[in-house]
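Below is one structure, written out as structure tokens, with a few remarks after it.
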Amino acid sequence: MADLPGVRAKRLAGNPDTRRSSNLLTLPPAWNFTTGGLPNKSVEIYVLAGTVILGEFTLPPGGYAYLPDGSTGARLQTESGAHILYFIDDAHPASVIRTPLISNRAIVPWQPVSADPADLGLSIKELRADPGSGARTWLLRIEPHATQPWRSRSVVEEGFLLEGSYRHSECVNGEIVTDTYTPGGYYYRPPGAVSGGPESAAVEPSVWLVRVRSAGTTEAVDACLPPATVPLPDSDS
């Protein structure tokens, strides 16, 4: 990445026009630079392996940092190298988080997703929740007995599997496609994508990092169906 010299990067998703991107980075030993970032962009970091030093804070595996626009460019370094998730996002005008957030998954408690029996076996650790923009980043733990109905979210959702093994189904043009995620697996679901269903389940306890960049809704879907088609108008010819 040009903004982070010496770093090896795998681009997971992004928009080359706006330079928004989701990346898996390898920081070499004795690396010392800044968090990068661009005007009117935020930077989000999650440490997968190794340890990084962000300003005066040390982030071990599970360490998390969110730097809103205007606060990027902080000193970032590592002594022995590290693997991190690195997200650059467009600044959201409705965001109310205007100061950096530094956290660690070890100190954030697991909470049930809800008291609904349908959410049994699902728990979360909230890393960031902006009440203005609706942007959220959280850890989602899925136990093998948990069920996942067909569902559709109205905004883009990204997920990166941190631990475990997870079998999931996607509804693609009315066809069910099912496969298994292992650690390092990633998905990017556009608005309206349908996924879940009765075949989706944790093969073993699984932990995902999940994020959305704006407020949205989640809708239950009865089944994997072909996209709705618009009938052609009657013709006299």
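The values are calculated or read from the model by the stated rules, or taken from the named source; none is laboratory data. Since the structure is predicted, the reported quantities are computational estimates derived from the model, not experimental observations. Glycine gets a Cβ as well: all are built from the backbone with ideal geometry, and neighbour counts include every protein chain shown. Ligands, DNA and RNA are stripped out before the accessible areas are found, and what is left, the full protein with its side chains, is counted by its heavy atoms. Shrake-Rupley method; radii C 1.70, N 1.55, O 1.52, S 1.80 Å.
For segment 8-165, the calculated P(r), taken from all Cα-Cα distances in 10 Å bins from zero up to the bin holding the longest distance, is 10, 37, 36, 15, 3 percent. In the chain, taking the dipole from charged Cβ atoms about the Cα centre, the farthest positive-side position among 218, 33, 9 is held by 33. For segment 1-78, the relative contact order works out to 30 percent when only alpha carbon pairs closer than 8 Å and six or more residues apart are counted. If you average the C-alpha positions of segment 176-227 and of segment 8-75 separately, how far apart do those two centres end up, in angstrom? Using only Cα atoms, the two centres lie 25 Å from each other.
Within the accessible area of the chain, what % is carbon and sulfur when the probe is 1.4 Å and the other protein chains stay in place?
Accessible surface attributable to carbon and sulfur in the chain totals 55 percent.
Extension gain, residue 40 to residue 17: 0.36 nm times the residue separation minus the Cα-Cα distance gives 6.9 nm. The residue among 114, 200, 49 whose Cα reaches farthest toward the positive pole of the charge dipole of the chain, with charges on the beta-carbon of Lys, Arg, Asp and Glu, is 49. Over all other residues within a Cβ to Cβ distance under 10 Å of residue 64, the charged ones net out to +2, with Lys and Arg as +1 and Asp and Glu as -1. Which residues does a label at residue 193 reach in segment 7-31, if reach means a backbone N under 13 Å from a point 7 Å past the Cα toward the Cβ? Within reach of a label on residue 193: 12-14.
Inter-label distance, residue 71 to residue 49: 3.0 nm, where each label sits 7 Å from its Cα along the C-beta direction.
Taking 8 Å as the Cα distance limit and 6 or more residues as the minimum spacing, I'd like the relative contact order of segment 130-237 as a percentage. Computed over segment 130-237, the figure is 42 percent.
When only the Cβ of Lys, Arg, Asp and Glu is charged (+1, +1, -1, -1), the dipole of the chain relative to its Cα centre reaches about 900 debye. Amide H contacts of residue 73: 35, 36, each under 5 Å away and 5 or more positions distant or on a separate chain (H built 1.01 Å from N in the peptide plane; Pro and chain starts excluded).
State, as an integer percentage, the relative contact order of the chain based on alpha-carbon contacts under 8 Å between residues 6 or more apart.
Working: 607 pairs, mean separation 37.5, N = 237.
Once normalised by length, the contact order is 16 percent.
Per residue, the chain exposes an accessible area of 51 Å² to a 1.4 Å probe, with every protein chain left in place. I'd like to know which of 177, 152, 132 lies farthest towards the positive end of the charge dipole of segment 112-237, counting +1 on Cβ of Lys and Arg and -1 on Cβ of Asp and Glu. Of the options given, the answer is 132. Each Lys or Arg adds one and each Asp or Glu takes one away; over the other residues whose Cβ falls under 10 Å from the Cβ of residue 123, this sums to 0.
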